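Report on the following structure.
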Amino acid sequence: MQTGLIFDIKRYAIHDGPGIRTTVFFKGCPFSCWWCHNPEGLEMAPQGLYSQERCISCGECVSICPNAALKISSQGVVTKQSLCQLCGTCAKVCPAEARELAGIYIGVENLMRIIEKDVIFYDESGGGATFSGGEPLMQADFLLELLKACGRRDIHRAIDTTGYADEDVLMAIARETELFLFDLKLMDSDKHKKYTGVSNRKILSNLELLARQGASITIRVPLLPGINDNDENIHTTGKFISKLPGIKHVDILPYHEAARYKYLKLRTNYSGEKMLPPSEEQLSRAAQRLKRFGLKVKIGG
Amino acid sequence: MNERIQRLRKASFEAEPLISIERAILETEFYQENFGKYSMPVMRALFFKYLCENKTIYIGEDELIVGERGPWPKAVPTYPELTCHTVADLKILKTRPMTRYKISEEDIKTYQEKIIPFWRGRSMRERILKHVPQQWKLAYKAGLFTEFMEQRAPGHTTLDGIIYQKGLLDFKGEIAKGLAGLDYQNDPEAADKAEQLKAMDIACDAAILFAERHASLADQMAAGGKHSPRKEELLRIAANCRWVPAHAPRDFWEAIQMYWFVHLGTITELNGWDAMNPGHLDQHLLPFYEKGLVEGTLDREKAKELLSCFWIKFNNHPAPPKVGVTAQESGTYNDFTNINLGGLKRDGSDGVNQVSYLILEIMDELHLLQPGSSVQISDKTPDHFLKTACRVIRKGYGYPSVFNVDAVVMEQIRVGKSIEDAREGGCSGCIETGAFGKEAYILTGYLNVPKLLELALNNGVDPLSGEKVGLETGDPREFKDFEELYAAFKKQLHYIVDLKIRVNNYIERLFALNVPAPFLSVVIRDCIANGKDYHNGGPRYNTNYIQCCGIGTITDSLSAIKKHVFEDPTVTMEKLLHALATNFENQKALRLLLQNKTPFFGNDDDAADTIMQKVYQSLYEAIDGKPNTKGGEYHLNMLSTTCHVYFGRMLGASANGRLAGHPESDGTSPSHGADRNGPTAVVNSLSKMDQIKSGGTLLNQRFLPSILEKDADLEKLVRLIRTYFRLNGHHIQFNVVDTETLRHAQTNPAEYRDLLVRVAGYSDYFVDLDQSIQQEIIDRTAHESF
């Protein structure tokens, strides 16, 4: 039985594919995008989160920690990282939910039990399960088993991915997937590397491969002012997509600042600190340009 | 909205509710002269006739549908035979900050000199409160239950389609037949029936006379002057009033006027709860609408104008003033008329028609406080209708609410109604199930379920007053397990429910004997055939409901005690009781533990949901099937209206972390902020309640306007509703929240854990967002509001 590492499950997810869905967020990502809105999904290991705002300094966590890694200070409760084993005991007892553990290991059947809770909603709405992240393809074996389990129960399967994986892995996954929500951030490889940490070569070739194999794909373009909203990038994006067989739908996802507080809780730096959300004009300009390529463009998921 | 409707709507908005003492004066005069001369039904009918002959009548400029309960719009009469307001009451009504009613000092003086001296000791309210046992008084004072009939008459009445097929003259014919057929030799009740039937006959005459007075007034207003469109209208109004309610209506305009006269008759005769309700108005009006279109005497715009005029008439009739506990359980001007759209027809086919859409359009344009409307959705209802309704919902007026007809039918079949009568039924007031036109289904009062647990935790003593109002069920510190605590709760429950029913049955007889409703009895099926009054078991079906409040609060509280005191044991009963008694003072960590580490109802978590099922089953066993005095039974109902606020005020801190005095959970909704897994989890939790065994449940869901902005999002809302209904949910309504709520959510995040907002391309929980994003959403919403 495969076990995977996930950091969130969202029910009544209505912007991650058709119908009413349950979205499972896989932990671990090969990228490090400046604007990442799920920073707790980046690392391929559980992480402790701490919110000083919520902490009431009751000391429950300090006294229960089996590794004596915690102490109360003027900045609330501080963790000595070298001692912390990420056992999650502190999160379990914290009454104020100031200490949380991002990332739990879960088996396929246990996860299916949660996904199956809303089957009647999927049936009624043409929805299903969406696997997002992080990058779900990083846990391909777990993902594949999960997809097969959904398939056996007639649950529609979507994957929200950057497409960054080995070809054969991707093809195996594609056989068990009804819909790809495929992220396309930047067409220029150097810039892609600058802002995400990796080149986009593999991504683009995988996208082509998927399209040629007849996979059902919706392209998702996060619109990031100053990074990828320039006419040239949008034009290249549109041109590239329009040459792929069978792809009609593009969703533009406007950058938003909602993740800032998550960086605080993780105590990590936010490279997107100075980024601003796109204006209505910027959004519609990008949408118009993409539409010129005969694509069906939607703002939002 | 045309100019006429704009003017009428504005006038209705601007008119201030005020008290008219005209009815009280006429009633006092009449009683002083006639009390004791006639049988009670006949005397009540003669009084009704006296009112119809003498009350001031009113036809407003621009009006197409005529008739007012008071002397003019928003003037509300009093009903001293039910509640005789004291001078202090009238002064409070005049000055209280909410739901105020104007009254002049001169009228207060008249009340003091003429009305109060006669009715003192004679009003229903005083007679009830004088009679009730001490235990009842203690429990009532402690806020364990409310009593609907201490200020208003049993009502909650909705009509079926009979008044569009028969005029009052036809009913008079049936009454005459009934009188002629009485078997004085073999039926010991024949003499009583004769008095009741005579009273119904007089009541018909009274209503016809009332209409004729309007005809004469319209004629007078039309007389003289030269030809004008208004003159034509007034002449048409006069003709309408001469035809209905004496005869069955012949066209759309007459049909609406017919209903309105019947409506006015019932709310003038007595002050029944929830005013009166046309029920399936769209189905009733359809034949007249179609006929008018075919004959060319009506077009869509004209129909819309007439319906809009009708809508404004409802808005002109605020609820009669309530005082004391009743004002707290239901502090609103809204008098709860709930027009049902769509639904099923008697033969089981889909009831949606052109008039249903027309009415949705009117609701959207007028957005008035009254009348309330709901859409009745069955498996057969087209999605287009539900989607159109959802487009109105997303405007954020809080209506229409959405009902599951298939569940409503099953609820009625369960209690023995015929399938056809059940389909013709629906939901009135807030969410109450009934067979329209054929049933007296009476709300008797709310039950404060979390307070019963408080009694069990305090050995029968109300910690707020220190008085013993419940049973001695033992010291909870000595309870060995959860089941012992639960048994104590159940004992309190049965004790209090029995107390309530005992008094309710007494009140029912008081109403049957002293304030029968002969006019209402004419239009409710089988009252004529049975020769019995609406209050006396005359209707085909007779149901009493007890409305159980706070299922979320009680479930979460029991769940917290089960987990933290008995299962994990992290908290001793002693420590918990102390924390509750001191309102969690200096117990922040304990309170957060209870709030954050307890399985709560509304999360699709069986640990909590099985407790909800257990409590629900106990409520069902305590209430369902107990006989009332009218040949019917008590059933449970899961409505709270605004009583959860009053009950919360009467409740100390609770084990789910709720502070003393704070509201309880509303209807069957999860406690505020308890549901953290989104609407599908809420729906799944609710579906574990066997709702078919109730007479209605109420689920409130909060959404931000922006989450329903796109048609694709709306489609998902439609699917959410359909799924809830597949799972036998009875009702769902949506609060598309406003800025004020969001501001409150910012400062009190714990109460708003469940508030879903659309951030940008995705949705998230509002309280999980950082301040600046919250502010951005608040600003955005403010721009969107009208």
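Provide a single number: the residues in the stretch A:287-300 that are assigned to a helix (DSSP H, G or I), under 17 Å from A:Asp183 (Cα atoms) and more than 13 Å from chain B (Cβ to nearest Cβ). Spell out the reasoning first.
In the first step, residues of the stretch A:287-300 are kept if they are assigned to a helix (DSSP H, G or I); the result is A:287-291.
Cutting the leftovers down to under 17 Å from A:Asp183 (Cα atoms) gives us A:287, A:290.
Now narrow it down to the ones that are more than 13 Å from chain B (Cβ to nearest Cβ): A:290.
The qualifying residues number 1.
Of (1) over 23 Å from A:Ser189 (Cα atoms); (2) more than 13 Å from chain B (Cβ to nearest Cβ), A:Ile217 satisfies all except one. Which?
Evaluating A:Ile217 over (1) over 23 Å from A:Ser189 (Cα atoms); (2) more than 13 Å from chain B (Cβ to nearest Cβ) leaves (1) as the failure.
Where the second residue is hydroxyl-bearing (Ser, Thr, Tyr) and modelled with pLDDT under 95 and the first is farther than 21 Å from B:Gly631 by Cα and lies in the stretch B:406-428, which pairs have Cβ atoms under 9 Å and are six or more apart or on separate chains?
Within 9 Å, the pairs are B:Gly426/B:Ser374; B:Cys427/B:Ser374; B:Cys427/B:Ser401; B:Ser428/B:Thr157; B:Ser428/B:Thr337.
Could you name every one of the helices (runs of 4 or more DSSP H) located completely within the stretch B:229-332 that has at least 2 residues being among the basic types (Lys, Arg) and more than 28 Å from B:Lys345 (Cβ to Cβ)?
Details: elements: B:229-243, B:252-269, B:281-295, B:300-315, B:324-329.
In the stretch B:229-332, the matching helices (runs of 4 or more DSSP H) lie at B:229-243.
Restricting to the stretch B:652-704, count the residues that are over 26 Å from B:Arg591 (Cα atoms), within 14 Å of chain A (Cβ to nearest Cβ), in a loop (DSSP other than H, G, I, E, B) and not charged (D, E, K, R).
1
Please determine whether any residue of the stretch A:149-158 is buried (at least 23 other Cβ atoms within 10 Å of the Cβ), more than 16 Å from A:Gly17 (Cα to Cα), touching a helix residue (DSSP H, G or I) at 6+ places or on another chain (Cβ under 8 Å) and at pLDDT 95 or above.
No, the stretch A:149-158 contains no residue that is buried (at least 23 other Cβ atoms within 10 Å of the Cβ), more than 16 Å from A:Gly17 (Cα to Cα), touching a helix residue (DSSP H, G or I) at 6+ places or on another chain (Cβ under 8 Å) and at pLDDT 95 or above.
Taking B:Asp738 as the residue in question, decide whether it is away from every other protein chain (no Cβ under 12 Å) and either charged (D, E, K, R) or under 14 Å from A:Gly127 (Cα atoms) (or both).
Working: away from every other protein chain (no Cβ under 12 Å): yes; either charged (D, E, K, R) or under 14 Å from A:Gly127 (Cα atoms) (or both): yes.
When the stated conditions are applied, B:Asp738 passes them.
Checking B:Val392 against (1) closer than 14 Å to B:Leu281 by Cβ; (2) part of a helix (DSSP H, G or I), only one condition comes out false. Which one?
Just one mismatch for B:Val392, condition (1).
Residues of the stretch A:244-267 being part of a loop (DSSP other than H, G, I, E, B) and either aromatic (Phe, Trp, Tyr) or touching a Pro at 6+ places or on another chain (Cβ under 6 Å) (or both), which ones? Please lay out each step first, then the result.
Pass one, the stretch A:244-267, residues part of a loop (DSSP other than H, G, I, E, B): A:244-248, A:255-259, A:267.
Across the stretch A:244-267, the qualifying residues are A:Tyr255, A:His256.
Of the numbered conditions (1) over 29 Å from B:Pro17 (Cα atoms); (2) at pLDDT 95 or above; (3) not in a loop (DSSP other than H, G, I, E, B), B:Val76 satisfies every one except a single condition; which is it?
(1)
Taking A:Gly48 as meeting all but one of (1) within 14 Å of chain B (Cβ to nearest Cβ); (2) under 30 Å from B:Gln587 (Cβ atoms); (3) within 19 Å of the chain's Cα centre (by Cα), write down the number of the exception.
(1) is the only condition that A:Gly48 fails.
Looking for whichever is closer than 18 Å to B:Ser665 by Cα, away from every other protein chain (no Cβ under 14 Å), out of contact with any helix residue (DSSP H, G or I) (no Cβ under 9 Å at 6 or more places or on another chain) and at pLDDT 95 or above here; the options are B:Thr582, B:Thr610, B:Thr555. Which one fits?
Numbers: B:Thr582 fails: closer than 18 Å to B:Ser665 by Cα; B:Thr555 fails: out of contact with any helix residue (DSSP H, G or I) (no Cβ under 9 Å at 6 or more places or on another chain).
So the residue among B:Thr582, B:Thr610, B:Thr555 that is closer than 18 Å to B:Ser665 by Cα, away from every other protein chain (no Cβ under 14 Å), out of contact with any helix residue (DSSP H, G or I) (no Cβ under 9 Å at 6 or more places or on another chain) and at pLDDT 95 or above is B:Thr610.
Mind listing just one residue for me: the one in the stretch A:243-273 that is hydrophobic (A, V, I, L, M, F, W, C) and more than 16 Å from the chain's Cα centre (by Cα) and, of those, farthest from the other protein chains (Cβ to nearest Cβ)? Before the answer, list the steps.
So in the stretch A:243-273, the residues hydrophobic (A, V, I, L, M, F, W, C) come out as A:244, A:247, A:250, A:252-253, A:258-259, A:264, A:266.
Within this subset, residues satisfying the condition of being more than 16 Å from the chain's Cα centre (by Cα) are A:244, A:247, A:250, A:264, A:266.
Values: A:Leu244: 22, A:Ile247: 19, A:Val250: 13, A:Leu264: 8, A:Leu266: 14 Å.
Step by step, filter the stretch A:243-273, then rank; the result is A:Leu244.
Can you give me the number of residues within the stretch B:79-135 that are surrounded by 13 or more Cβ atoms within 10 Å (Cβ to Cβ), of a type outside the set (A, V, I, L, M) and in a loop (DSSP other than H, G, I, E, B)?
Keep residues of the stretch B:79-135 that are surrounded by 13 or more Cβ atoms within 10 Å (Cβ to Cβ), which gives B:79-86, B:89-94, B:96, B:99-103, B:107-108, B:110-112, B:114-116, B:118-119, B:122-129, B:132, B:135.
From what is left, the residues that are of a type outside the set (A, V, I, L, M) are B:79-81, B:83-86, B:89, B:91, B:94, B:96, B:99-102, B:107, B:110-112, B:114, B:118-119, B:122-123, B:125-127, B:135.
Imposing the further condition that a residue be in a loop (DSSP other than H, G, I, E, B) reduces the set to B:79-81, B:83-86, B:96, B:99-101, B:122-123.
Adding up the residues that qualify gives 13.
Which of the numbered conditions does B:Arg719 fail, given that it passes all the others? Conditions: (1) surrounded by 19 or more Cβ atoms within 10 Å (Cβ to Cβ); (2) in a helix (DSSP H, G or I); (3) modelled with pLDDT under 95; (4) charged (D, E, K, R).
So B:Arg719 meets the others, but not (3).
Could you list, in sequence order, all residues of the stretch A:225-243 that are at positive phi and surrounded by 17 or more Cβ atoms within 10 Å (Cβ to Cβ)?
Just the residues of the stretch A:225-243 that are at positive phi, to begin with: A:226.
The answer is none; no residue qualifies.
If the requirement is being more than 9 Å from chain B (Cβ to nearest Cβ), surrounded by 18 or more Cβ atoms within 10 Å (Cβ to Cβ) and not hydroxyl-bearing (Ser, Thr, Tyr), which of these qualifies: A:Cys94, A:Cys29? Outline the logic, then answer.
On the way: A:Cys94 fails: more than 9 Å from chain B (Cβ to nearest Cβ).
None of the other options fit; the residue is A:Cys29.
Name the residues in the stretch B:413-424 that are surrounded by 23 or more Cβ atoms within 10 Å (Cβ to Cβ) and closer than 17 Å to B:Asp379 by Cα, would you?
Selection gives B:Ala422, B:Arg423, B:Glu424.
For B:Leu520, work out the one condition from (1) surrounded by 23 or more Cβ atoms within 10 Å (Cβ to Cβ); (2) on the phi > 0 side of the Ramachandran plot it doesn't fulfil.
With (1) surrounded by 23 or more Cβ atoms within 10 Å (Cβ to Cβ); (2) on the phi > 0 side of the Ramachandran plot applied to B:Leu520, the lone miss is (2).
Determine if the stretch B:593-604 includes at least one residue that is closer than 30 Å to B:Asn504 by Cα, crowded, with 20+ Cβ neighbours inside 10 Å and not hydroxyl-bearing (Ser, Thr, Tyr). Steps first, answer last, please.
First, the residues of the stretch B:593-604 that are closer than 30 Å to B:Asn504 by Cα: none.
No: zero hits.
Please go through (1) in a helix (DSSP H, G or I); (2) out of contact with any Asp or Glu (no Cβ under 8 Å at 6 or more places or on another chain); (3) closer than 30 Å to B:Glu290 by Cβ for B:Lys166 and return the number of the only condition it doesn't satisfy.
(1)
Would you pick out the residues in the stretch B:299-315 that are of a type outside the set (Lys, Arg) and modelled with pLDDT of 95 or more? Full working, then the answer.
Taking the stretch B:299-315 first, the residues of a type outside the set (Lys, Arg) are B:299, B:301, B:303, B:305-312, B:314-315.
Matches in the stretch B:299-315: B:Asp299, B:Glu301, B:Ala303, B:Glu305, B:Leu306, B:Leu307, B:Ser308, B:Cys309, B:Phe310, B:Trp311, B:Ile312, B:Phe314.
I need the full set of residues from the stretch B:654-666 which are buried (at least 24 other Cβ atoms within 10 Å of the Cβ) and among the small types (Gly, Ala, Ser), in order please. Spell out the reasoning first.
Here is the first cut: in the stretch B:654-666, the ones buried (at least 24 other Cβ atoms within 10 Å of the Cβ) are B:654-658, B:664-666.
B:Ser654, B:Ala655, B:Gly657, B:Ser665 - these are the residues of the stretch B:654-666 that are buried (at least 24 other Cβ atoms within 10 Å of the Cβ) and among the small types (Gly, Ala, Ser).
Could you grab me the full set of residues in the stretch A:113-143 that are without any contact (Cβ under 8 Å) to a residue 60 or more places away in the chain and more than 9 Å from chain B (Cβ to nearest Cβ)? Break it down stepwise before answering.
Here is the first cut: in the stretch A:113-143, the residues without any contact (Cβ under 8 Å) to a residue 60 or more places away in the chain are A:113, A:116, A:119-120, A:123, A:137, A:140.
Hits for the stretch A:113-143 are A:Arg113, A:Glu116, A:Val119, A:Leu137, A:Ala140.
Looking at the stretch B:339-360, can you tell me whether even one residue there is under 23 Å from B:Thr433 (Cα atoms), buried (at least 22 other Cβ atoms within 10 Å of the Cβ) and either within 14 Å of the chain's Cα centre (by Cα) or free of Cβ contacts under 8 Å to residues at least 40 places away in the same chain (or both)?
yes
Test each condition in (1) farther than 20 Å from A:Gln2 by Cα; (2) within 14 Å of chain B (Cβ to nearest Cβ); (3) over 21 Å from the mean Cα position of the chain (by Cα) for A:Cys65 and report the one that comes out false.
Tallying (1) farther than 20 Å from A:Gln2 by Cα; (2) within 14 Å of chain B (Cβ to nearest Cβ); (3) over 21 Å from the mean Cα position of the chain (by Cα), A:Cys65 fails exactly one: (2).
Which residue pairs have Cβ atoms closer than 9 Å, lie 6 or more positions apart in sequence or on different chains, and pair a first residue in the stretch B:708-729 that is at the interface with another protein chain (Cβ under 8 Å from one of its Cβ atoms) with a second residue that is buried (at least 22 other Cβ atoms within 10 Å of the Cβ) and of a type in the set (Lys, Arg)?
Between residues of the stretch B:708-729 that are at the interface with another protein chain (Cβ under 8 Å from one of its Cβ atoms) and residues that are buried (at least 22 other Cβ atoms within 10 Å of the Cβ) and of a type in the set (Lys, Arg), the close pairs are B:Asp713/B:Arg758.
So B:Tyr58 fits all but one of (1) without any contact (Cβ under 8 Å) to a residue 24 or more places away in the chain; (2) more than 28 Å from B:Lys302 (Cα to Cα); what number is the exception?
Going through (1) without any contact (Cβ under 8 Å) to a residue 24 or more places away in the chain; (2) more than 28 Å from B:Lys302 (Cα to Cα) one by one, B:Tyr58 breaks only (2).
The values are calculated or read from the model by the stated rules, or taken from the named source; none is laboratory data. Predicted model only: the values in this text are computed from it and were never measured. Every residue, glycine as well, gets a Cβ built from its backbone with ideal geometry; the counts of neighbours run over all protein chains shown.
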